[in-house]
1. Within the range A:41-54, restricting attention to residues that are away from chain B (no Cβ under 14 Å) and more than 21 Å from A:GLY109 (Cα to Cα), which residue is farthest from the chain's Cα centre (by Cα)?
2. Being of a type in the set (Val, Ile, Thr), in contact with a helix residue (DSSP H, G or I) (Cβ under 9 Å, 6 or more places away or on another chain) and closer than 16 Å to B:THR391 by Cβ is the requirement here; does B:ILE602 meet it?
3. Which members of the range A:201-231 meet the condition of being of a type in the set (Ser, Thr, Tyr), buried (at least 22 other Cβ atoms within 10 Å of the Cβ) and more than 8 Å from chain B (Cβ to nearest Cβ)?
4. Can you confirm whether B:LYS353 is buried (at least 22 other Cβ atoms within 10 Å of the Cβ), assigned to a loop (DSSP other than H, G, I, E, B) and touching a residue at least 12 places away in the same chain (Cβ under 8 Å)?
5. Could you tell me whether the range B:465-474 includes any residue that is closer than 13 Å to B:ARG558 by Cα, within 26 Å of the chain's Cα centre (by Cα) and in the same structural domain as B:PRO370 (by TED's automatic domain parsing)?
6. Got a number for residues in the range B:97-133 being of a type outside the set (Asp, Glu) and out of contact with any strand residue (DSSP E or B) (no Cβ under 7 Å at 6 or more places or on another chain)?
7. Evaluate the following for B:VAL10: is it within 21 Å of B:LEU121 (Cα to Cα), away from chain A (no Cβ under 13 Å) and either at pLDDT below 90 or buried (at least 21 other Cβ atoms within 10 Å of the Cβ) (or both)?
Amino acid sequence: MIDRILVWRGLSRCRRNGLPPGVCRYLEAVRKPLPHHTLLSQIRFVVFDTETTGFDLKKDKIISIGAIALCNQRIDVSDSFEVLVRQENVGAREAVSVHGLLRKDIAGGEDEKCAVAAFLDYIGNSVLVAQHAGFDVAMIDRLLHNYFGIRIFNDVVDTASLAKRLEKGPYYNLAHKAGEYRLDTLCERYHIRLHDRHTSAGDAYLTAQLYQRLLAKGYKSGIETAGAMLMK
Amino acid sequence: MPSNTIVERVAADLSQYPPFDLLEAAVLLDLASSIAIHYHEEGEVIFNKGDELRQAAFMVMKGAVRLFDTIDGEEVLVDLCDEGDIFGVLAIFGGSTYVLSAHVAEESLVYEMPAEKIRSLISADSAVSMFFAGEFAKSMQVMERTLTTAFDQRRLRYSEQSCRNFLAHETLEVKPVTNIITCSPDITIREAAKIMSDSNIGSILVVSPQNHPLGIITDTDLRKKVVAQPGSIKERPVHEIMSSPVYTITGGKTVADMVMLMVKTKLRHFCITADGTVDSPLEGIISEHDIITSEGNNPAVIMKQIMAAEKVDQLKNERDKAENLLQIYLNQDVAVHFISSIITEINDALIVKAIVFSTADMRREGRQMPDIPFCWLSLGSEGRKEQLLRTDQDNALLYADVPAGREDEVHGYFLELGGRVTSMLQQVGFSKCPAEVMASNDQWCQSLSAWKKYFSRWILNPEPKALMHSTIFFDFRPVHGDAGLAAELKRSIFDEITKGRGFLEFFAKNALQNPPPLSFFRNFLVEKSRDHANEFDIKARAMMPLSDAARVLAYELRIPDYLSTAERFRKLAELLPPEKDLCLEAASAYEFLMRLRVVNGIEQHSAGRYIKPESLNKIERQMLRNVFSTIGQVQKTLNLRFQLDYIRD
């Protein structure tokens, strides 16, 4: 309900040219929620990953977003997305060690506001998919709140939870064995060749391949619609 | 704008396999950015026979896909595709429905490439277009220039590296000497010798007033024909001692051409004239020295050493050198027909030398050669000029019919000669034939009439098993002695064959004994029978079916020349216009197989017959798959031509 109100408020700002066009196209697209009976084969999924300076939702910043679309079981390379986010005061320490990005790369990226607006324009009303999706969505939501007074309105699938659900059933306690559902571990388990770890686009591509296999596994357990996938 | 990171990742995956390994970076990235990646579980259907074509071609990136036809409700396996294999390319070339079904054999990741993208690549890049022409023919299951294109592609693939190594040598043009010293035919030998010594040259060309080459005088001529002769002939005109005519050629010859020419003609000087004949003005001269100094390791040198050899162990040395040369040529990707002609010339020279040594030895022991012409025959692969590695000896001796009463004397002499030559060849490194098919065997050292009788028996009473063992005799080739005897034998074989038509059918049937495998899958050979083997017998499964087929057709069409399998197929292409393309493909296929076998043989220090599929790279596997389909087509043609289905047991 709060979502409806936020969308409506955003759209009325759009009419007063108060928001960038990409954001407005996004709001138009998500105005109507996805019907639960929609077949998975008809949905455009956007598998994405964010790269951040750390794991503190309040202090840390997004330095890149990578994404790739998956429709009807096919990962579509032509429908992919990658943006580097310019962050002036990011120390070399975190970024270089974890992400392999150099400071000059980060300094040469888009500014935060444009980057996140471009991402919204790219995802439209797709169902979002990410590994440990909660964190990435929260990071983006914080930017959206600050710049546009909105948040992500799309349905979201977390591949770690989905894998756990398909392998162990919905009530398995993930907290105790977090290691079993890390992206590396999952890729290994599903025979996906690891490469380009720790760039957002590389991880998004790996996550997309993982999701492809989870979808196939899900079909076998009768998960064929948006409602079944999102447990709504 | 698609993600660079992902596009580059996909491009890197694509570039592991042909034809994408040859694409320029920008083109490859553009293709990668258009790819869709599909995951399939075992048993899933990608498409079925009769389905409408999808606007894409597919490439297996991981896993395996089974392609099969359905005939009368029964599945007929056509291919098993593994990593890097491309299938479903019909969409690129038009058509409306799939002619095969593609089902997932094990969990697979399949790249879909938009047909439109591939089409534009094909029009822009010749390597890609040739590659897909091959893939297309495969998927249509029709033979449409598959191999010719595939081999062109291979040439392209290797041209870069071989040019770098090889252009520096063999494909370089030999620069003729153009400031030639000449003289007229009327000057005296003494004057000519003075010019030569004044100009410090080893030879002088004798020319007509129009500057047409008439002959040549070399240091050797002066030494042998003048100095060594009694009496004074120095005042005689030069035309009396010159070597004439001279061998003339046109300009622009490469080192490889010249080496071949030297080996063949055993000459040391070649004149370049305006039109390549003796009736046009002289433009330059190329001497042995020019050729040798333009390249170090040289068959002509080996040849010369063989000719000059005085002892058997020298021959062995030269044959060892020839083996090194073979390896150099293989590394440099020199055409197989060139390599095999060189090696054949060298082997032949060794045989001739062994015969010369043996007759001389016998003469010294007081055994004179009878005044009966004889001919030394090479059989089997040596007879077909295809022996690259030193394998077993297969030879025979043929002598003219002997006047009554002298049979034992003549037979005794030649049998002794055969024995000496074969054991000498053994010392040189050609091991004995285990089946004793050699001129040292009483049975295979015979008069012309006896040989005619052998063939007549094989032809008129063809018995499958005996026939199989006699095929090597049908590849006989005269190496030394009176070639007229061999020609006479061949004529009589043709006559016998006309009398007994059934023979060719048996012969053809023999060529169909071994159907080719389908293809390779990982480290297995995929068979129609589905008994997958992990070793590939290149001789029995690929080379023999082709050489058997070429032999049958060569005898059916009465080709009198002594040809190799590839040469037979090229000749057949002229004689059988409807089968022209197939014959040319078969010729290329056979040469490809020869190279593969010899490379494998050198690596394994064996005859190269058994090949481990894991030692083959992707392009070799794809080439072999095309070769298999050519063999299948050749067998089908043979089957139809001789209507063998009627006599199949």
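The values are calculated or read from the model by the stated rules, or taken from the named source; none is laboratory data. Fair warning: this is a prediction, and the values are worked out from it, not measured in the lab. Note that we place each Cβ from the backbone using ideal geometry, even for glycine, and neighbour counts take in every protein chain shown.
1. Going residue by residue through the range A:41-54, those that are away from chain B (no Cβ under 14 Å) are A:42-43, A:52-54.
Now restrict to residues that are more than 21 Å from A:GLY109 (Cα to Cα): A:42-43.
On the way: A:GLN42: 19, A:ILE43: 15 Å.
Per the stated criteria, the residue is A:GLN42.
2. Numbers: of a type in the set (Val, Ile, Thr): yes; in contact with a helix residue (DSSP H, G or I) (Cβ under 9 Å, 6 or more places away or on another chain): yes; closer than 16 Å to B:THR391 by Cβ: yes.
So B:ILE602 passes the test.
3. Answer for the range A:201-231, where residues must be of a type in the set (Ser, Thr, Tyr), buried (at least 22 other Cβ atoms within 10 Å of the Cβ) and more than 8 Å from chain B (Cβ to nearest Cβ): A:THR207, A:TYR211.
4. Taking the combined requirement at face value, the residue does not satisfy it.
5. yes
6. 16
7. Numbers: within 21 Å of B:LEU121 (Cα to Cα): yes; away from chain A (no Cβ under 13 Å): no; either at pLDDT below 90 or buried (at least 21 other Cβ atoms within 10 Å of the Cβ) (or both): yes.
In short, no.
Rundown of residues vs (1) without any contact (Cβ under 8 Å) to a residue 40 or more places away in the chain; (2) hydrophobic (A, V, I, L, M, F, W, C); (3) crowded, with 21+ Cβ neighbours inside 10 Å; (4) on the phi > 0 side of the Ramachandran plot, yes/no style:
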site	(1), (2), (3), (4)
A:VAL127	no, yes, yes, no
A:ARG151	no, no, no, no
A:THR159	no, no, yes, no
A:LYS168	yes, no, no, no
